[in-house]
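All remarks here apply to the structure that follows.
The values are calculated or read from the model by the stated rules, or taken from the named source; none is laboratory data. Quantities reported herein were computed from a predicted structural model and do not represent experimental measurements. Here the Cβ positions follow ideal geometry from the backbone for every residue, glycine too, while neighbour counts run over all protein chains shown. These accessible areas exclude ligands, DNA and RNA; they are computed on the full protein's heavy atoms, side chains included. Shrake-Rupley method; radii C 1.70, N 1.55, O 1.52, S 1.80 Å.
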Amino acid sequence: MGAGSSALARLGLPAPRLLARPGSGWLGVAVLGMAAVVLGAVAWLRGRSRRRRRLQQVGAVAQLWIYPVKSCKGVPVSSAECTAMGLRSGHLRDRFWLVINEEGNMVTARQEPRLVLISLTCDGDALTLSAAYTKDLLLPIQMPTTNTVRRCRVHGLEIEGRDCGEAAAQWITSFLKTQPYRLVHFEPHMRPRHPQQIKDLFPAKERIAYPDASPFLILSEASLADLNSRLEKKVKATNFRPNIIISGCGVYAEDSWDVLRIGDVELKRVMACSRCILTTVDPDTGIMSRKEPLETLKSYRKCDPSEQKLYGKSPLFGQYFVLENPGTIKVGDPVYLLSQ
């Protein structure tokens, strides 16, 4: 009995019958080939079964958020494509637009809290900049190639952005009423930033446009509820600008998730998100308190002393993830922990 036949016998499959007449050798080869296919299929099914057994449901996708302009209003979506550089829904991509000053430095709600009141949405072939008591501004999805490509700086790292034109610059400057600003857009062919240059825990292959450090920020509803139980004035998830909000899990369960699977998408945790004064900006009023919820977080969410070199004295809330396998995720999708 040959190796192929004995392997089939171990699986409880009948051995192939070889026809022993002149010129029939090709039939035996064909049957053995079919046996190899069967063996491969059985091995694949067993492997898939093992992979399924390693999946443990830890929650479900409650909300998905894209923040087209860094520090501006988020756009809730029912489904989104997970790309290596963050969530995408149609023409909207997470933090692919940026407000800069005349020197090319990024401007965020840390400097201009009222940025959180500006929204950028997409309808058909046009983008719309909106804010209360201000006339909407329509912009083309694709900026003219004649527009200047500006050299910008985000957390000290250089990156390009195509200028969105004088009308956008005047609109934002007029709304904020402090100094001249411009709006730029990151295009896929431009050189991105490397998160590893910010925190060396990020893999060298990772790339981002204008996010602080990571393409995905995950937060659980339970963690937000726990924080709000300690506050006089409740805060919203949008104070923390997460991309994916998970329901149905324990408080701070996200701190221990290493690899998540949502549909075909796999996301790998890199590190916690250290929190700054931006969390004290009310997303509904654009007013910065400079105190809460940051002070309360500092009272119970500091890092372990062994990690102080990584996080400093900032409190931790939410987790940074990077993409391992792309795909599309939807609100309501089950979230699985992929154990090793």
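Taking all protein chains as they are arranged and a probe of 1.4 Å, the heavy atoms of I66 leave approximately 0 Å² accessible to solvent. Inter-label distance, T128 to L310: 4.3 nm, where each label sits 7 Å from its Cα along the C-beta direction. Here the Karplus relation 6.51 cos²θ - 1.76 cosθ + 1.60, evaluated at θ = phi - 60°, turns the backbone of segment 145-160 into coupling constants of 5, 6, 5, 4, 8, 9, 8, 10, 10, 10, 6, x, 9, 6, 7, 8 Hz, with x for every Gly and Pro. Computed from backbone phi with θ = phi - 60° and the Karplus coefficients 6.51, -1.76 and 1.60, the 3J(HN,Hα) list for segment 224-239 is 5, 5, 5, 4, 5, 5, 9, 10, 6, 9, 5, 10, 9, 4, 5, 4 Hz; x is used for glycine and proline.
For segment 215-340, the relative contact order comes to 35 percent (Cα pairs under 8 Å, sequence separation of at least 6).
Across the cross-link table entries K70/K177; K199/K268; K236/K309; K73/K309; K73/K205; K135/K177, which are compared at the Cα atoms, the separations over 22 Å belong to K236/K309; K73/K309; K73/K205.
Between amide H atoms placed 1.01 Å from N, distances below 5 Å from G327 occur with C82, all of them 5 or more places distant or on a separate chain. Near L297: Cβ cut-off under 12 Å, other residues only, Lys/Arg at +1 and Asp/Glu at -1. The net charge is +4.
Please give the net charge around R241, taking every other residue with its beta carbon less than 12 angstrom from that of R241, where Lys and Arg add +1 and Asp and Glu add -1.
Charge balance in the 12 Å sphere: +3.
Proximity of backbone amide H atoms, modeled 1.01 Å from N, is registered between Q63 and I245 at under 5 Å, excluding neighbours fewer than 5 places apart on the same chain. Here the accessible area is traced with a 1.4 Å probe on the protein chains. For segment 125-229, carbon and sulfur cover 52 percent of it. For segment 85-194, the spread of Cα positions along the three principal axes, ordered from largest to smallest, is 38, 32, 28 Å. The label-point distance for R230 and K298, in a model that sets each label 7 Å from Cα toward Cβ, rounds to 1.3 nm. Rounded to whole Å, give me the distance from the Cα center of segment 308-340 to that of segment 262-303. If you average the Cα positions of each part, the centres end up 14 Å apart. Evaluating 6.51 cos²θ - 1.76 cosθ + 1.60 at θ = phi - 60° for every residue in segment 201-206, the Karplus couplings come out as 6, 6, x, 4, 6, 5 Hz, glycine and proline recorded as x.
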